[in-house]
Each structure stands twice: as structure tokens, then as C-alpha cells.
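Let me begin by presenting the structure, written as C-alpha cells, before commenting on it.
Just so you know, all these numbers are worked out from the coordinates, no wet-lab data involved. Here the structure is a predicted model, which is why all the values come from computation and not from measurement. No Cβ is skipped: glycine too gets one built from the backbone with ideal geometry, and neighbour counts run over all protein chains shown.
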Amino acid sequence: MGAVTVLRGLAFDVSQALGAIAALLAAPISSADHPALVDSDPHTGEWSATRAGNFVLAPLWEGPDLTGLRDPEWTEHLEAGDRHLATLAGALDEQWGPHRLLTIDHLIRNPQADRPPVYDALLRQDLYGDLHVWTPGQAPDRRLAVVLGHSDGDQPLTLAALVTVGPLPELPS
């Protein structure tokens, strides 16, 4: 199960998400080959980022805990997460053109499959959704992906950004 994020309980703000993405794109990313390191708030233990050689993964928004919710409230929260992803993807499409969709279904269907470290980091944070991928104009050597993850019915939705140096590894379909 993924960790609770430092953004728990905060309202979604597309401007803040875009600012966080700009900061991730501008920040240095280690090229050293090392295992993924999970950054957490020192006081609460909440997840703030995952870093490894050639990528960084960070939360942009986390929805409320869904424990005990029933329809229609449960569905409303899921639809809100989808709307946040669509709003952010639309803003990024305006900046850099249409995104490419990359599915990680192969890794979900084949849990024993070899996982490149970037995908292992996504799955460890329960980010099982499709990746919406762009090549940012100001950083053509990098790729940006946003993903909405939800591990099961009770866990909160998490919207996250992934920035890689170079293209994302291709997966079988």
C-alpha cells in the first residue's frame, strides 16, 4: 500500500500542480544508478517524493480517505480525481501539445515481470493508472508523466508527477 502523502487534505489547485511540475522539471535529477530513495516528512512520515537514478516521482494532490464511504459519495470522489487529472492534462496539453498515453497494465497483469526501477517506484506508491506523458519544451531531454493512482476502494486517490531523464522504458502491451 502506498504511503499517505504530504498533500493529504489539501484542495486540488491546478496552478499549484503546474508550479510543482515546473520545479521538478528545473531541479537536478541524479544520474547515479542507485535504488529508489523515498523522501518523507520527518515529523509525520508522509510521502513527499521518490528519487532514483534518472527519475523523481512526487505527489501533486491526494484525495480524502475513502474508508466507509458508499455510493454516491465514493463515486463522487473518484470522479473528482478524474476531473483533476483531466484539468491538469488539459493545461499541460496546451503548453506542450497532446500527451501520449502509456499503460502499465502489463506489470499489473504480470506481477513477476521484470520491472524497470521507475515502474517499480510507481507501483510501490499504488500509482496504477495510465501515464499521461509529454516531452516538455523547456527540457527536451526529460519526460513528464502524470498519473492518478488508487490501490483499492478505501485508499485515497493520489495524483502524482514523474520526471525522467530520457524516455520512459517501453513495456509490452
Legend entry - Residue among ALA91, ALA26, ALA17 with the largest mean-square fluctuation in a Gaussian network model of the chain, springs linking Cα atoms under 10 Å: ALA26
Inset, instruction - Take the alpha carbon gyration tensor of the range 12-60, find the square roots of its eigenvalues, order them as a ≥ b ≥ c, and report rounded if a/c is under 1.5; if not, report prolate when a/b exceeds b/c, else oblate. - result: oblate
Inset, instruction - Treating only the Cβ atoms of Lys and Arg (+1) and Asp and Glu (-1) as charged, compute the dipole magnitude of the range 14-165 about its Cα centre; round to the nearest 20 debye. - result: 580
Inset, instruction - Quick one: compute the contact order of the range 14-165, relative version, from alpha carbon pairs under 8 angstrom and 6+ residues apart, as a percent. - result: 28
Inset, instruction - Specify whether the C-alpha gyration tensor of the range 60-134 places it in the rounded, prolate or oblate class, a ≥ b ≥ c being the square roots of the eigenvalues: rounded for a/c under 1.5, otherwise prolate if a/b is larger than b/c and oblate if not. - result: oblate
Inset, instruction - Can you tell me the alpha carbon radius of gyration of the chain divided by the globular rule-of-thumb value 2.2 N^0.38 Å? - result: 0.99
